[in-house]
1. State the extension gain, in nm to one decimal, for the chain segment bounded by Glu104 and Thr66, taking 0.36 nm per residue of separation less the distance between their alpha-carbons.
2. Would you mind ranking Glu113, Glu49 so that the residue whose beta carbon has the fewest other beta carbons within 10 Å leads the list?
3. Packing-wise, with mean Cβ within 10 Å as the measure, how do 79-92, 152-165 rank, highest first?
4. Once you place label points 7 Å from the Cα toward the Cβ at Asp167 and Arg127, how far apart are they in nm?
5. For a quick check: sort Asp185, Asp101 by the number of other beta carbons within 10 angstrom, fewest at the front.
6. Quote the FRET efficiency, to the nearest 0.05, computed for Glu51 versus Arg143 with a Förster distance R0 of 41 Å and r equal to the Cβ-Cβ distance.
7. Might you report the magnitude of the Cβ-based charge dipole of the stretch 1-77 about its Cα centre, with Lys and Arg at +1 and Asp and Glu at -1, to the nearest 20 debye?
8. At a Förster radius of 22 Å, what calculated FRET efficiency corresponds to the Cβ-Cβ distance of His96 and Ala153, to the nearest 0.05?
Amino acid sequence: MGMEPARVVLVTNVGQGFGRAVALAYGQSDYDVVCADRDVDLAAKTAAEIEELGGQAIPIQADMTTQMDVLGAFHKVFEIFGALGGVVHVSSQVSHTPFEDLGEGKFAELVAEDLRSAYLTLKTAARLLDGGWVVVIAPPGNRQPQMAAVLGALSRLTTSFALRYEDPRANLVVPSRDAADPRHDAALVRSVRFLGSSSALGISGQEVFVELPPPPRATETLLPEVRAALDDRIRQDDLEASLYEEADADDEGDEHDLGLDEFELEPFERLQGAPALRRHLVDEDEGEFEGDLADTPRHRLP
């Protein structure tokens, strides 16, 4: 991956969803992970999972919509580690309410959770983070006008920040759907890790659209005996045998489940110092950046 200024990363909203998946991935990659969440119990739970995987993590309570909490989170990292390599901020609030039924209070909450939190994170990073990086994970879009407004504002905020500040570099990642689990969200984790790596130097102010596979069906998460009981066409012993076969097949790819596979980053070095690329689409199957790259050759996503 190359060396970052410091192998310390601050991940926000780690209690669940994309924040948890990203935190687990960095923890399993020998980073010191600072797990920040409004609910300190959820932050502690994710930190404990990282420790169980052999990583190092500390939980902290932080409401990223409050300036004092954001400042406190950054200062806590420097107090403990003396350095900070990068920040992954998760803006995960999604509104599915029909626009005509959306109350003013709910819209204000949406703006605070997604836009204000990103603004405060970038503002604090500009003041305190020297030579590092920030990746903002946007909520997935939908057909509601309020989400178009939030995504548009996040895009303009990130782009304008990158034009104003050379360091830290900042990019926006937009998933195609809501978070599911670390295995099914691995493509997003890989995109975040690339943008936070030294191979992404010179890439800033970009939107990276990540196409994620369909989330698992609810029955896939049930115990074998429960699934068998729900479907009389399935024999429990046959189901268990098939699960063992799947587990054996996945043993060699455990790292891939969290987006931790070793990948080649050298092709992206040609992008260093390139003009702003504006919009990209990350296709998991093909593993390529697509978009308005003009004459730039296609590059395989790690």
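1. 11.7 nm
2. Ascending number of Cβ neighbours within 10 Å: Glu49, Glu113.
3. 79-92, 152-165
4. Label at Asp167, label at Arg127, 1.9 nm between them.
5. Exposure proxy ranking, most exposed first: Asp101, Asp185.
6. 0.50
7. That gives a dipole near 120 debye.
8. Given R0 = 22 Å and the Cβ-Cβ separation, E is 0.75.
The numbers here are math on the coordinates, done by the rules we state, and not lab data. This is a predicted model, so every value here is computed, not measured. Counting neighbours? That spans all protein chains shown, and the Cβs are built from the backbone with ideal geometry, glycine included.
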